[in-house]
1. Every residue in segment 377-418 that is open to solvent by 60 Å² or more (accessible area, probe 1.4 Å), in contact with a strand residue (DSSP E or B) (Cβ under 7 Å, 6 or more places away or on another chain) and modelled with pLDDT of 90 or more, please.
2. Would a scan of segment 23-36 turn up a residue that is among the small types (Gly, Ala, Ser) and at pLDDT 80 or above?
3. Going residue by residue through segment 132-140, is there one that turns out to be open to solvent by 70 Å² or more (accessible area, probe 1.4 Å) and either touching a residue at least 40 places away in the same chain (Cβ under 8 Å) or outside any helix (DSSP H, G or I) (or both)?
4. Going through segment 83-100 one residue at a time, which ones are part of a helix (DSSP H, G or I), farther than 16 Å from GLU71 by Cβ and of a type outside the set (A, V, I, L, M)?
5. Please identify the pairs in which a residue from segment 328-343 that is part of a strand (DSSP E or B) has its Cβ atom under 6 Å from the Cβ atom of a residue that is open to solvent by 90 Å² or more (accessible area, probe 1.4 Å), counting only partners at least 6 apart or on another chain.
6. Cβ-Cβ under 8 Å, sequence separation 6+ or interchain: first residue in segment 30-55 and without any contact (Cβ under 8 Å) to a residue 60 or more places away in the chain, partner outside any helix (DSSP H, G or I). Which pairs?
7. Taking segment 215-262, which residues are among the aliphatic types (A, V, I, L, M), part of a loop (DSSP other than H, G, I, E, B) and either within 23 Å of SER169 (Cβ to Cβ) or open to solvent by 10 Å² or more (accessible area, probe 1.4 Å) (or both)?
8. Anything in segment 37-56 that is in contact with a Lys or Arg (Cβ under 9 Å, 6 or more places away or on another chain) and either open to solvent by less than 30 Å² (accessible area, probe 1.4 Å) or at pLDDT 95 or above (or both)? List them, or say none.
Amino acid sequence: MALGGTLLAAVLLALGLPGLRSETCSVDQAEKPQLTSLLEVMLRSWNASATPNPSILLALRLATDHNLAVEKTMVLRLKEYAVQQVVNNQTFSSGLVALYVLALQASCENPRNVTALNSNIDLVKILKEKYQEELRNIEEHGRPLSNYFQIGLDIIALCLQDAPVNVSSVLGTGGVNMGHGHQEFSVDTAAVVVLGLTCVVRRGNLTPEEVETITLTLRFLVQKILDQSQSNGEIGNIYSTGLAMQALFVSEQHCNSSQWDCNKTLAAALRAIPEGKFNNPMAASQITPSLEGRTYLNAKGLNCSADQDNLPIISTPAPPPISNLSEITVGYRIIDGLNNTFDISISVTVTNGSTFLDVMKKAQGVDPQNFRFEVQQSSWGPYVVAINGLIARNSERTYWQLLSGTTPLDQGVGDYKPSDGEHLVARFTTW
């Protein structure tokens, strides 16, 4: 039998479940320019002819300051793209649909009634269907069609739309296996699952047994996130810190100040901004809500009519002429770590400030037979799909792992900038 509001509140208090109150830290007035610089990174990334990124629109909508003209055009383009994907039966993963639902909801649009290009679709209905496909795949094959990060986003979006959502796939200690790539545990994944489960409990209409089961999972995942805390304040790494902060914002009852110092983590994020760690628009989108003490759960109930249109796009200074830049020498090695068919190294000279991708291009130019490669675009920028004819396939759970020496990189080929004498590695492996 479903619990009434008073009884549910009593159960939440007794179990110490997050959601009744939360304590957050956020940038102060003196630190606001650093936050603004990240908002500008996302605004400058907007290109009406490119595939829209709902994560960026969601982050912009969760901010206090806005450029309403850009946000409006982003909403229109998101609607058009969503309709095109559905009408033309194109690939549209559950997690991407969930982000579209969240971005439109945060824009005070109705994702159940998306009209564009003379067509109308219900994104919430589509998300329900895709989520059910994910659950069936977990039941039949032990893993989702996509990954548990997308499952977490699905739960958040469906919950905020007051749609029924079965959370059994993420309950229990199975969360320890929620990693992706070479990781056994993913802070990002655990964070979005914590947000989703918190939303489900806040919504109510649960039995005491359901509340207790969800609580045990929340406590387990929050502790796993806390276990990834670094001495410098980062949680996992700097790129997982933003989502981790969101999860801990809503999990006050599961951790105290002796386990997590919010201001120390905030300081770590702020230190990383002038270092250029969030110059990738997608990276900026995952840290900015936390800098203002907000979470994805705030996508519901925003008052769009009260938005301030006070964020102009400021142009960035032109880069220095290439002739004024020094050169560096970088080692580059490609390894078939699964079939052991090749292990080839090369040394190339590139301009200081070049990316991993620039090194790959230079190597391909010197030795196209061995170092030819292919990349595809994603919301995070380009990612490697093939090197030396060896293709990574999701269906086979293979991918190209990027390393500096023996250390896995936390940035992609389009963002990581090697230093002089560094040894880069691309290793074909499985997840």
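The values are calculated or read from the model by the stated rules, or taken from the named source; none is laboratory data. In this text the structure is predicted, and so the values were computed from the model without any measurement. When we count neighbours, we look across all protein chains shown, and the Cβ atoms used for this are built from the backbone with ideal geometry, even at glycine. Please note that ligands, DNA and RNA were not included when accessible areas were found on the heavy atoms of the full protein model with its side chains. Shrake-Rupley method; radii C 1.70, N 1.55, O 1.52, S 1.80 Å.
1. ILE391
2. Our first condition is that a residue be among the small types (Gly, Ala, Ser); within segment 23-36, this holds for 26, 30.
Then drop every residue that is not at pLDDT 80 or above, which leaves 26, 30.
Yes, segment 23-36 contains a residue that is among the small types (Gly, Ala, Ser) and at pLDDT 80 or above.
3. Step one: list which residues in segment 132-140 are open to solvent by 70 Å² or more (accessible area, probe 1.4 Å), which gives 132-133, 136, 139-140.
Remaining after also requiring either touching a residue at least 40 places away in the same chain (Cβ under 8 Å) or outside any helix (DSSP H, G or I) (or both): none.
So far as segment 132-140 goes, no, none of its residues is open to solvent by 70 Å² or more (accessible area, probe 1.4 Å) and either touching a residue at least 40 places away in the same chain (Cβ under 8 Å) or outside any helix (DSSP H, G or I) (or both).
4. To start, the set of residues in segment 83-100 that are part of a helix (DSSP H, G or I) comprises 83-87, 94-100.
This time we only want the ones that are farther than 16 Å from GLU71 by Cβ, so: 83-87, 94-98.
Those that are part of a helix (DSSP H, G or I), farther than 16 Å from GLU71 by Cβ and of a type outside the set (A, V, I, L, M): GLN84, GLN85, SER94, GLY95.
5. ILE328/ASP420; GLY331/HIS423
6. Close Cβ pairs satisfying both conditions: none exist.
7. If we filter segment 215-262 for residues that are among the aliphatic types (A, V, I, L, M), which is where we start, we get 216, 218, 221-222, 225-226, 235, 238, 243-245, 247-248, 250.
Now narrow it down to the ones that are part of a loop (DSSP other than H, G, I, E, B): 238, 250.
Correct list: VAL250 only.
8. PRO52, the sole residue that qualifies.
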